[in-house]
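The values are calculated or read from the model by the stated rules, or taken from the named source; none is laboratory data. Quantities reported herein were computed from a predicted structural model and do not represent experimental measurements. Every residue, glycine among them, receives a Cβ derived from its backbone with ideal geometry; neighbour counts consider all protein chains shown.
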Amino acid sequence: MSIFKFSILSLALAIGLIAGSAKASDEFEALISPFSDLSGYPDSDIYLTGPRRHPLDTATQILTMDTDAFPGTFSVDIGRDDTGQMTTLLVHNEKGEITTYTLDQLRQFQSVKQVKGHDAVFLRVETDFEPVHGGHATLRFLQNGLWGTYKNFRMMIDVQGKEIVLRSEPTSKDPDSDRNPFTGVFNHLFMRKNTVFGQVAGIDEIVPSLR
């Protein structure tokens with residue numbers, strides 16, 4: 001390792017320790033811990049990591065997600081009642097386990113993916129979201145654990161009768177927006193890893209596609 005690169009790493013480590021913005025994770029294998037404390041989030045938001053489990057409604061799979069940042073593919077279903085209203089969100093992890101969130105819970109960010117017990121991906125529905133028609137939702141992901149920075153991928157969940165359609169809709173009003181240029185319909189998200197000095201430090205970008 002060159003003296004220049006060693007100096008950069010030493011400086012980054014010192015800054016990270018002073019800020020207290022990261023925790024260690026073997027899974028990400030980063031030189032500097034990629035996970036920040038929840039206190040690093042904006043004070044205006046409340047993040048919950050212990051969702052309650054609820055009976056399954058009639059569920060429709062709307063999304064699958066995978067990544068080269070950490071192992072495992074997980075999928076997302078929406079549960080609806082007899083009237084067609086959306087009632088729950090079900091997340092299937094790579095082990096086949098299902099965690100169920102109510103729409104009331106999702107008014108605040110909920111952790112939908114953990115790596116070694118640390119929260120890496122969150123989801124929240126926005127204020128315009130309605131159980132019958134849908135609305136906007138935000139997927140918040142760890143971009144760089146070195147600095148404890150997160151980015152937001154914003155989407156529209158559009159209910160069209162029995163069908164539920166997802167579209168990417170970034171907003172310039174969000175300073176943490178990932179500014180994703182894709183605005184079409186998608187049902188799959190690939191989370192491309194972010195590397196720092198050859199080591200995985202988080203998720204660089206989200207790539208939507210229709211499969």
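Are there strands (runs of 3 or more DSSP E) fully within region 82-126 with at least 2 residues that are farther than 22 Å from Phe190 by Cβ? List them. Lay out the reasoning, then the answer.
Working: elements: 86-92, 98-102, 109-115, 118-125.
Correct list: 86-92, 98-102.
For His136, only one of the following conditions fails: (1) crowded, with 17+ Cβ neighbours inside 10 Å; (2) in contact with a helix residue (DSSP H, G or I) (Cβ under 9 Å, 6 or more places away or on another chain). What is its number?
(2)
Within region 157-169, can you find the residues that are surrounded by 15 or more Cβ atoms within 10 Å (Cβ to Cβ) and at positive phi?
none
Based on this model, can you work out whether Lys173 counts as outside any strand (DSSP E or B), over 16 Å from Leu123 (Cα atoms) and either among the charged types (D, E, K, R) or at pLDDT 95 or above (or both)?
Numbers: outside any strand (DSSP E or B): yes; over 16 Å from Leu123 (Cα atoms): yes; either among the charged types (D, E, K, R) or at pLDDT 95 or above (or both): yes.
In short, yes.
To keep it simple, each residue is scored yes or no on (1) in contact (Cβ under 8 Å) with a residue 40 or more places away in the chain; (2) out of contact with any strand residue (DSSP E or B) (no Cβ under 8 Å at 6 or more places or on another chain).
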site: Leu106; (1), (2): no, no
site: Phe129; (1), (2): no, no
site: Gly135; (1), (2): no, no
site: Gly145; (1), (2): yes, no
site: Phe153; (1), (2): yes, no
site: Gln160; (1), (2): no, yes
site: Val165; (1), (2): no, no
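Checking Ser172 against (1) surrounded by fewer than 15 Cβ atoms within 10 Å (Cβ to Cβ); (2) over 19 Å from Pro208 (Cβ atoms), which test does it fail?
Every listed condition holds for Ser172 apart from (2).
Looking only at region 29-59, how many residues end up being of a type outside the set (Gly, Ala, Ser), surrounded by 15 or more Cβ atoms within 10 Å (Cβ to Cβ) and modelled with pLDDT of 50 or more?
Number of matching residues: 1.
Name, by its number, the condition in (1) buried (at least 19 other Cβ atoms within 10 Å of the Cβ); (2) more than 14 Å from Thr64 (Cα to Cα); (3) modelled with pLDDT of 95 or more that does not hold for Leu189.
Leu189 satisfies every listed condition except (2).
Among the candidates Val125, Val185, Val121, single out the residue that is of a type in the set (A, V, I, L, M), under 17 Å from Asp77 (Cα atoms) and in contact with a helix residue (DSSP H, G or I) (Cβ under 8 Å, 6 or more places away or on another chain).
None of the other options fit; the residue is Val125.
For region 179-211, which residues satisfy the criterion of being in a strand (DSSP E or B) and without any contact (Cβ under 8 Å) to a residue 12 or more places away in the chain? It would help to see each step written out before you state the result.
In the first step, residues of region 179-211 are kept if they are in a strand (DSSP E or B); the result is 185-186, 188-196, 199-209.
Answer for region 179-211, where residues must be in a strand (DSSP E or B) and without any contact (Cβ under 8 Å) to a residue 12 or more places away in the chain: just Thr195.
Out of the residues in region 129-170 meeting the condition of being among the small types (Gly, Ala, Ser) and in a strand (DSSP E or B), tell me which one is farthest from Ala59 (Cα to Cα). Please lay out each step first, then the result.
Going through region 129-170, the residues among the small types (Gly, Ala, Ser) turn out to be 134-135, 137, 145, 148, 161, 168.
If we keep only those that are in a strand (DSSP E or B) as well, we get 134-135, 137, 168.
Numbers: Gly134: 15, Gly135: 18, Ala137: 18, Ser168: 22 Å.
Only one residue fits best here, namely Ser168.
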